[in-house]
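A.B. asks: Pasting a structure here, questions to come.
The values are calculated or read from the model by the stated rules, or taken from the named source; none is laboratory data. Model, not experiment: these values are computed from the prediction. Backbone-built Cβ (ideal geometry, glycine too); neighbour counts: all protein chains shown.
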Amino acid sequence: MPRTTGKLPADTELWWRAIGWRSPSGGRVLAATAAAALAATLTLVAPIHGGQVDDAPGRVDDPVVGTIAGYRIHASELLGKDRPATHESALGRLRMIAINRVAVADAERALTDEQRAKLKTWTRTRRAEIVAELGEGDPAKADRVLRQRGEGGLDAYVRDLRERSLTSRRLRQVVDDRIVIVPDEVRREYRLRADEFRPPTTRSVRLIRAIDTAAADRIDRALADGVPFAEVAESPDNAQRRRTPMQVIDGGLAEPLASAVVTLEAGQHSPRVEYRGGFAWVAVERIDAPAPVTLADATPAIEKDLRRRKGTELQRAYFEKLFTEAGHTAPFRDLEAMVRAALATQRPRGN
């Protein structure tokens, strides 16, 4: 009996962010950013399928527990493989299947006759390519290879590819094509992300402190005699505990050192200043002043982030609308009954 995973479009990042599908062959798992209507209950603990699409009856040990949008849901699809299923985990799997089938059905309805014909041609072409690549022209061989991979066989795999293309196109309609970025938004984002695009100057500085006038005079004489600042900093007269350089940004030192340090070039040190009941000197060893990113250069990255943010909002609204509308139909009212029927068939692991 062929099954379909009913995968959503892997090439659409926003879709994955809202519903992170995982196929039997691996891939994405449910993301934390699922639509609000699903977020509280969608917890996947194992890969799931999207239901039967043929009219074959379920096996005695794996009965059909319900049908959604023409897809027959088997008990095994809700129970998982790794551990005994709970009501919550089974309902999570079922809701994922349900919203997936509703999304695919919505994408189908949005097709024009011309688009449907083109998609049919594309699907036939892809099937022929898969048979040639995996089966060396033999559909039966390609089917075996795909089943060994856990893809459900040739028909299921091709159907998945079709649905990915279909839902990807639908998402472009309801999400990508509706995103508009205006210059004011880019400029506002640029200002809000000043630290990112206009990073502050960083200085590597070293401090010397003296707690009395006698020690301060000795430090002044040593510096006047040309003794390197780093060497003077190692003398017993230095009351500064940290004697290695430290990295500071503008405003990172207390006054009056903060005002003194911005006037110094690399390799220079300040004169003696009164500081916290004693005296202090500051030397700048290195200045790192990253060039600011201009608005023009930052615009592509900002627009990309804004598109992602707006896309997530539009997609969440789309999923909520689909699920809300479908929630009033009979199959969705019967989800709890499907779960109970599936759990009733569950046998202890190892039997």
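A.B. asks: Which residues, counting only those in segment 118-129, are aliphatic (A, V, I, L, M) and at pLDDT below 95? Let's see the steps before the verdict.
C.D. replies: So in segment 118-129, the residues aliphatic (A, V, I, L, M) come out as 119, 128.
LEU119, the sole residue that qualifies.
A.B. asks: Provide a single number: the residues in segment 80-94 that are of a type in the set (Gly, Ala, Ser), part of a helix (DSSP H, G or I) and more than 13 Å from ALA337 (Cα to Cα).
C.D. replies: Going through segment 80-94 one residue at a time, the tally reaches 2.
A.B. asks: Just one of the numbered conditions (1) surrounded by 12 or more Cβ atoms within 10 Å (Cβ to Cβ); (2) outside the structural domain of THR263 (by TED's automatic domain parsing) is not true of ASP195; which one?
C.D. replies: (1)
A.B. asks: Which count do you get for residues in segment 217-275 that are touching a residue at least 12 places away in the same chain (Cβ under 8 Å), exposed (fewer than 12 other Cβ atoms within 10 Å of the Cβ) and of a type in the set (Lys, Arg)?
C.D. replies: 1
A.B. asks: Right, something else. Residues in segment 104-154 that are part of a loop (DSSP other than H, G, I, E, B) and not charged (D, E, K, R): how many?
C.D. replies: Count: 7.
A.B. asks: Moving to a separate point now. Just one of (1) in a loop (DSSP other than H, G, I, E, B); (2) within 30 Å of ALA301 (Cα to Cα) trips up GLN247, so point out which.
C.D. replies: Among (1) in a loop (DSSP other than H, G, I, E, B); (2) within 30 Å of ALA301 (Cα to Cα), GLN247 violates only (1).
A.B. asks: If you check VAL248 against the conditions, is it under 30 Å from ALA224 (Cβ atoms), assigned by TED's automatic domain parsing to the domain that holds ALA224, at pLDDT below 90 and not basic (Lys, Arg)? Don't jump to the end; show me each part of the working.
C.D. replies: Details: under 30 Å from ALA224 (Cβ atoms): yes; assigned by TED's automatic domain parsing to the domain that holds ALA224: yes; at pLDDT below 90: yes; not basic (Lys, Arg): yes.
Answer is yes for this residue.
A.B. asks: Residues in segment 83-97: is at least one of a type in the set (Gly, Ala, Ser), touching a strand residue (DSSP E or B) at 6+ places or on another chain (Cβ under 6 Å) and surrounded by 21 or more Cβ atoms within 10 Å (Cβ to Cβ)? Steps first, answer last, please.
C.D. replies: To start, the set of residues in segment 83-97 that are of a type in the set (Gly, Ala, Ser) comprises 85, 89-90, 92.
Still in the list and also touching a strand residue (DSSP E or B) at 6+ places or on another chain (Cβ under 6 Å): none.
No, because not a single residue in segment 83-97 is of a type in the set (Gly, Ala, Ser), touching a strand residue (DSSP E or B) at 6+ places or on another chain (Cβ under 6 Å) and surrounded by 21 or more Cβ atoms within 10 Å (Cβ to Cβ).
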